[in-house]
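Trainee: Here it is, the structure, as structure tokens.
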Amino acid sequence: MAFPFISVIIFTPLVAGMLILMLPADRKAEIKVIAAAAAFISLVLSLWLFFTYDREAARLATDWAGRIQFEEKIAWVPSLGLSYHVGGDGFNIPLLLLTSLILFAGVLVSWHIEHRAREFFAFLMVLATGIFGGFAALDLFLLVFFYEMAIFPIYVMIAVWGSTRKEFAAMKLTLYILVGSIIALVGLFAIYFKAGLGTFDMVEIYQNGNLDATFQRIWFLPVFVGFGVLASLWPFHVWSPDGYVAAPTVVSMLHAGVLKNMGAYVALRTGIQLLPEGAKFWMPFIVFLTVISIVYSAMVAMSQRDFKYVFGFASVGHMGIVLLGFSTLNLVGLTGTGVQMFIHGAMSAIFFSIVGMVYDRAHTRDIPSLGGFVRIMPIPTLAFLIAGLSSMGMPGLAGFVAEIQIFIGVWLAYAPQHWWFPWMAIIASSGVIITAAYIMRVAYSVFFGELRPEFADLPGVTLMDKIAVTLLAIPLIVIGVYPSIIMPLAQTGAASIASLFGGA
Amino acid sequence: MDFILSHLLSLIVFTPLLGAIVVMLLPGHQKRLIRWVAFGLSLIPFILSVVLWVNFVPGEPGYQFVEQADWLPALGVRYHVGVDGLSLTLILLTTLLTPLGVLISFSIEEHVRSFFALFLFLETGILGYFVALDLIIFFIFWEIGLVPMYFLINQWGSANRRYASFKFFIYTMAGSLAMLLAIQVIWIASRSIVPTGTFDIPLLMQMRPFTGEQVLPFLSQELARTIAFWAFVIAFAIKVPIWPVHTWLPDAHTEAPTAGSMILAGVLLKMGAYGFLRVVIPFFPAEAARFALALAILALLSILMGAYAAYGQTDFKRLVAYSSINHMGIVILGIAVAATTLGTKQYAEHGVMAYNGAVLQMFNHGLTSAALFALVGMVYERTHTRDLSAYGGLWVVMPAYGGILIYSAMANLGLPGLGSFVSEFLVVRGAWPVYTLITALAMIGLVMTAAFTLMAVQRVLHGPLNPRWKELREITWREGLAMAPLMIGLLAIGVWPRWILDVINAAAQFL
């Protein structure tokens, strides 16, 4: 059997977490090193997967099953049809890479955590395992297992280590996502039973399950919207701003950067891929929600006083763009979405990590009170500008590459009975200019302008922080200048889904 | 040498970026080192563009020095670049003004490294825009030009810089959004002829994509053409700027640091006019012809309003800013004439004349506005005021400066023997039979240009010497060196314009 790359990626953090729990609480240095090492191993292996995935073979394959590589399948509970089935394709490999990048950057950014560090990093490792597993799972039950595994540690991490109204925010976030996932779970069970194959295996259901059109139309909405709650689909996004503001930095980074992507990814895999008839029916209406999300959250972000709230809403808006790409159901739009998921993750992680750096020093997130921070932290400011420009779709950076594909995909999604798609493209584009306005405003107010005397002696950022933001900013530049590094991969992933709807 | 010639355009476009990176790597406190290294690096694109000029063959149709490479195959976007007479002229202008701007900026003391790095980065954006032959690449470089300019104004500008930079950024970005929409619509329409769609400019020009069958049922080719045309017009009109979407310019030019204003007025404004000539007229000849009269009227308003507003200014720099609106109005008048006469037999040669005039005016105005802004900057550095009424009698203290200011002012108002006369004459001569009334009124504008220019000169140089300025430094050799190429260029064009008109005319013939 080939080396189980994906399982190692998934379980290394869990093993590290257990090791961490066995250490005495005061050995903080060792704890952090173990966490960083686990993240680093996952990062190296995900990079390996990213670059060795055979794009040519995937392009020639005829259906989804042919495009899954690094596959591992072990029967778990055969009588119930549960198996440990994981694998990588063009959609989830970039997301695995994104997770490991943000995990590694997040560990570096959390290096200074002192209060109950052992438990913090242990929970972080469990969270990581849940996320990796959620992306790689190809069995419905396994998927839900990892999904829930990712949700619970967040509740504890926000409630114990968070800030502004942490208990309230933690409860709100967890309840919302949980209710959403339970509704979706009911839908998944419905799929299991209706498919009549006695298995939870997604690939088998995809290939052989005979789910009739009516069934699909009924159950698409619970499944897609249930998981869409985690993807902050408007109007179910309300847990997100409060949750992110309250969460400790690394949790915000992982949540905005990765968990929302996981919600979207799972909604895609189980909703769109397994219930295409339902998708065809409902997505042209869901597109309205996504466009509202984009424009509304940009406008709300504009009016925020709290630095972190701006980016809480910003990430809702960017997920709106991801979901807009989903609604196109064509090759161009879905390819753009695959890239946008990756980019949105990197951008959000940069934003939240820098918010954390500013807050740790200034102990305030009130925008009017800040200013001039470029003198204290020049490298994070540069990373912030790169992420900010990318988020407004500045050509030359990655955001433009993803957004242009999605917008063109929206144009192509036009059909006589869904004539509104081009209007959606135009309205969504207006979100770009609002994004530009609030990003420039925040950038100026926090980083440029006058440095207040009370902040004049603040320490700069550590080497760990610099490495973290640089690591996250590099993909934004590289993809912007050389999109072919990710585009063919995303395209093979998108092909599996677009082919259900008639290709490009 | 062969490698250089075959990749000349990419080298010209990207050497400033490399230069910017080199500058960033220099030690931050070694200001002299940074300044001279930046100057040296900025000369490289200039030398390369002279090589380009010499090796360019004016009579040949189509684009020269073409380079192509795949960039985003999924959408059919290719890195496709090339030059013709029009873009060559503007490349030369850009690569000439950048080193001069660097020289003028030696007085910048704060964050010197970042300043010059941003300045060089800006040059890459502008040069890439002028050589792009693929709409997405075109758009990318257009946008890339925005960010460094924002920071240059925002960080190194004067008192009202925050407002001015924000206004500049958002205003022009709104135009960019219109352009993005237009590009998307063109792509959709192009699918009627090329199934996977194309963004390639030469191909789209040949294809006339809006004559095929309609691709999307609600989007007739007629509608697509109209939307794309107006969206492009709005985007470029904001950049030129044409009255009434010019209001970002006075603030941006006034608040920018001197070199920023030189590049802003000297080159960035031309990006808008270039867009009209490269995209709007070739892609939409019928709509352009229909819109030409309105464009000519707006041009006239720019000329008159710009001159009138300039006359009323008390701030020296703001006066020069309004003068830019005035001169770009003449460019747009020439473009309007070219749009009207395209394809007609009767006034074809007038159209060509007006086109030549417009492009030459772009080049001339680049030189004169750079010169004037540089001179404003010099006097500001010495007196720390831009208030015209605070000056007076500076001729006595700085005679060499005064001489250069008078020379540049004469160039600005179109004195025969200096460049602007040739371009303004060509535009007027070309426009006269086509838009007689408008041209007559525009000539009143030219008189007003003379009025405000001379008014400014009088306030600065003549009159009783204000005692505050008794000890002012004369113009330094460095500043003089920066002014020299501009003055020589203006004289050369004024006296023997053939060397540049041959190149421009080639492009005009093939429109």
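Just so it is clear, none of the values below were taken in a lab; they were calculated from the coordinates. Only a predicted model underlies this, so the values are computations on that prediction, with no experimental measurement involved. Every residue, glycine as well, gets a Cβ built from its backbone with ideal geometry; the counts of neighbours run over all protein chains shown.
Trainee: If you plug each phi of segment A:366-376 into the Karplus form 6.51 cos²θ - 1.76 cosθ + 1.60 with θ = phi - 60°, what whole-Hz ³J(HN,Hα) values come out, in order, with x for Gly and Pro?
Mentor: Ordered by residue, 3J(HN,Hα) equals 6, 4, x, 7, 9, x, x, 6, 4, 6, 8 Hz.
Trainee: Around B:Tyr391, which amide H atoms from residues at least 5 apart in sequence, or from another chain, sit under 5 Å from its own amide H, with H modelled in the peptide plane?
Mentor: none
Trainee: Note the angle between two axes, namely the Cα long axis of helix B:31-55 and the longest principal axis of the Cα atoms of chain B, as a number of degrees from 0 to 90, rounded to the nearest 10.
Mentor: 40 degrees
Trainee: Another one. Rounded to whole Å, give me the distance from the Cα center of segment B:459-501 to that of segment A:44-94.
Mentor: 70 Å
Trainee: Separate question: In nm, to one decimal, how far is the B:Ile21 label point from the A:Phe3 one, both placed 7 Å along Cα→Cβ?
Mentor: Distance between the two pseudo-spin positions: 3.1 nm.
Trainee: Report the extension gain between B:Gln30 and B:Arg468 in nm, rounded to one decimal, defined as 0.36 nm multiplied by the number of residues separating them, less their alpha carbon distance.
Mentor: Full extension from B:Gln30 to B:Arg468 adds 154.3 nm.
Trainee: Can you pull out the trypsin sites (Lys or Arg not before Pro) in segment A:1-44 whose DSSP state is coil and whose Cβ has at most 10 other Cβ atoms within 10 Å?
Mentor: Here no trypsin sites (Lys or Arg not before Pro) fit, given the DSSP loop and packing criteria.
Trainee: Suppose a student asked you for the relative contact order of chain B, using Cα pairs under 8 Å spaced at least 6 residues apart; what percent would you report?
Mentor: Contact order relative to length: 14 percent.
Trainee: Moving on. Quantify how strongly other chains surround peptide A:120-126 by giving the mean number of their Cβ atoms within 10 Å of each of its Cβ atoms.
Mentor: Across the residues of A:120-126, the mean count of other-chain Cβ atoms within 10 Å is 0.
Trainee: Compute the distance in nm between two label points, each set 7 Å from the Cα along the Cα-to-Cβ direction, one at A:Lys194 and one at B:His7.
Mentor: My value for the distance between the label points is 5.7 nm.
Trainee: Give me the base-10 log of I(q)/I(0) for segment A:5-501 at each q in 0.06 Å⁻¹, Debye formula, one uniform scatterer per Cα, rounded to two decimals.
Mentor: Calculated log10 I(q)/I(0) at the listed q: -0.24.
Trainee: Which residues does the label zone of B:Trp499 cover in segment B:30-71, counting backbone N under 20 Å from a point 7 Å along Cα→Cβ?
Mentor: In segment B:30-71, the label zone of B:Trp499 (backbone N under 20 Å from the point 7 Å along Cα→Cβ) covers B:43-59.
Trainee: Below 25 Å, Cα to Cα, which lysines can B:Lys317 reach? Residues fewer than 8 away in the same chain don't count.
Mentor: Here the lysines satisfying the reach criterion relative to B:Lys317 are B:Lys167, B:Lys239, B:Lys270, B:Lys470.
Trainee: Translational diffusion coefficient, Stokes-Einstein: compute it for segment B:447-511 using the Kirkwood radius over C-alpha pairs as Rh, at 25 °C and 0.890 mPa s, and state it as an integer in µm² s⁻¹.
Mentor: Here the translational diffusion coefficient equals 156 µm²/s.
Trainee: Specify whether the C-alpha gyration tensor of segment B:1-53 places it in the rounded, prolate or oblate class, a ≥ b ≥ c being the square roots of the eigenvalues: rounded for a/c under 1.5, otherwise prolate if a/b is larger than b/c and oblate if not.
Mentor: Prolate, since a/c reaches 1.5 and a/b exceeds b/c.
Trainee: Which Cα, out of B:Gly59, A:Leu43, A:Val225, lies furthest along the positive dipole direction of the protein assembly as shown (beta carbon charges, K/R +1, D/E -1)?
Mentor: Among B:Gly59, A:Leu43, A:Val225, the one farthest towards the positive end of the dipole of the protein assembly as shown is B:Gly59.
Trainee: Let me ask something additional. First obtain the Kirkwood hydrodynamic radius of segment B:284-511 from its Cα pairs, then insert it into the Stokes-Einstein equation at 25 °C and 0.890 mPa s, and state the resulting D in µm² per second as a whole number.
Mentor: 136 µm²/s
Trainee: Oh, and also: Can you tell me the relative contact order of segment B:284-511? Whole percent, Cα pairs under 8 Å, sequence separation 6 or more.
Mentor: This gives 27 percent for segment B:284-511.
Trainee: Using only the Cα atoms, work out Rg/Rh for segment B:47-133, with Rh taken as the Kirkwood radius, to two decimals.
Mentor: Looking at segment B:47-133, the ratio lands at 1.08.
Trainee: How about A:Lys280: which aspartates and glutamates have a C-alpha closer than 15 Å to its C-alpha, ignoring those fewer than 8 places off in the same chain?
Mentor: Hits, sequence-local ones excluded: A:Asp212.
Trainee: So what is the relative contact order of segment B:299-431, in percent, for Cα pairs below 8 Å that sit 6 or more residues apart?
Mentor: Answer for segment B:299-431 is 30 percent.
Trainee: Let me ask something else. With angles folded into 0 to 90 degrees, how steeply does helix B:146-156 sit against the dominant principal axis of chain B? Use alpha carbons for both and round to 10.
Mentor: Tilt of helix B:146-156: around 10 degrees.
Trainee: Pick out, in residue order, every one of the GluC sites (Glu not before Pro) in segment A:71-165 that is DSSP loop and has at most 11 other C-beta atoms within 10 Å; say none if there are none.
Mentor: Passing sites in segment A:71-165 are A:Glu114.
Trainee: Given the pairs A:Lys28/A:Lys172; A:Lys32/A:Lys308; A:Lys32/A:Lys260, which span a C-alpha to C-alpha distance of over 29 angstrom in this model?
Mentor: A:Lys28/A:Lys172
Trainee: Right, something else. Regarding segment A:1-73, what is the average projected area of its C-alpha convex hull, in nm²?
Mentor: That works out to 5.9 nm², a quarter of the Cα hull's surface.
Trainee: To continue, here is another question. How would you classify segment A:428-483 from its alpha-carbon gyration tensor, with a ≥ b ≥ c the square roots of the eigenvalues: rounded for a/c under 1.5, else prolate if a/b is greater than b/c, otherwise oblate?
Mentor: Oblate, because a/c is 1.5 or more while a/b does not exceed b/c.
Trainee: In segment B:16-95, with Lys and Arg counted as +1 and Asp and Glu as -1 at Cβ, which of these residues, B:Leu90, B:Ala74, B:Leu43, has the Cα nearest the positive end of the dipole, that is, farthest along it?
Mentor: The one lying farthest along the dipole's positive direction is B:Leu43.
Trainee: Given only helices, namely DSSP H runs of n ≥ 4 each adding -39500 (n - 2.57), what is the per-residue ellipticity at 222 nm of chain B, to the nearest 500 deg cm²/dmol?
Mentor: Calculated from helices alone, the mean residue ellipticity at 222 nm is -24000 deg cm²/dmol.
Trainee: With equal scatterers on the alpha carbons only and no solvent term, can you work out the Debye log10 of I(q)/I(0) for the protein assembly as shown at 0.04, 0.06, 0.10 1/Å?
Mentor: Treating every Cα as an identical point scatterer, log10 I(q)/I(0) equals -0.21, -0.47, -1.15.
Trainee: Here's another thing I want to ask about it. If you average the alpha carbon positions of segment A:404-481 and of segment A:202-229, how far apart do those two centres end up, in angstrom?
Mentor: Each part reduced to its Cα centre gives a spacing of 33 Å.
Trainee: Further, regarding this structure: Need one number: nm distance between label points at B:His111 and A:Leu23, each 7 Å from Cα along Cα→Cβ, rounded to one decimal.
Mentor: 3.9 nm
Trainee: What's the longest piece of chain B with no exposed trypsin sites (Lys or Arg not before Pro), counting a site as exposed if DSSP puts it in a loop and it has at most 12 other beta carbons within 10 Å?
Mentor: B:1-344
Trainee: Quick check: from the Cα gyration tensor, does segment A:102-173 come out rounded (a/c under 1.5), prolate or oblate?
Mentor: oblate
Trainee: A follow-up question, please. List, in order, the whole-Hz ³J(HN,Hα) value for each residue of segment A:278-285 obtained from phi through the Karplus relation with A = 6.51, B = -1.76, C = 1.60 and θ = phi - 60°; use x for Gly and Pro.
Mentor: With coefficients 6.51, -1.76 and 1.60, one gets x, 4, 4, 6, 8, 4, x, 8 Hz.
Trainee: Taking θ as phi - 60°, what are the ³J(HN,Hα) couplings along segment B:84-98 by the Karplus curve (6.51, -1.76, 1.60), each to the nearest whole Hz, with x for Gly and Pro?
Mentor: 10, x, 5, 5, 4, 4, 6, 5, 4, 4, 4, 6, 7, 6, 5
Trainee: Translational diffusion coefficient, Stokes-Einstein: compute it for chain B using the Kirkwood radius over C-alpha pairs as Rh, at 37 °C and 0.692 mPa s, and state it as an integer in µm² s⁻¹.
Mentor: Taking Rh from Cα pairs, D becomes 143 µm²/s.
Trainee: Shifting gears a bit: Looking at segment B:85-155, which GluC sites (Glu not before Pro) are DSSP coil and have at most 13 other C-beta atoms within 10 Å of their C-beta?
Mentor: B:Glu109, B:Glu110
Trainee: Follow-up question, since we're still on this one. Below 14 angstrom from the Cβ of B:Asn505, what's the summed charge of the other residues (Lys, Arg +1; Asp, Glu -1)?
Mentor: Local net charge: -3.
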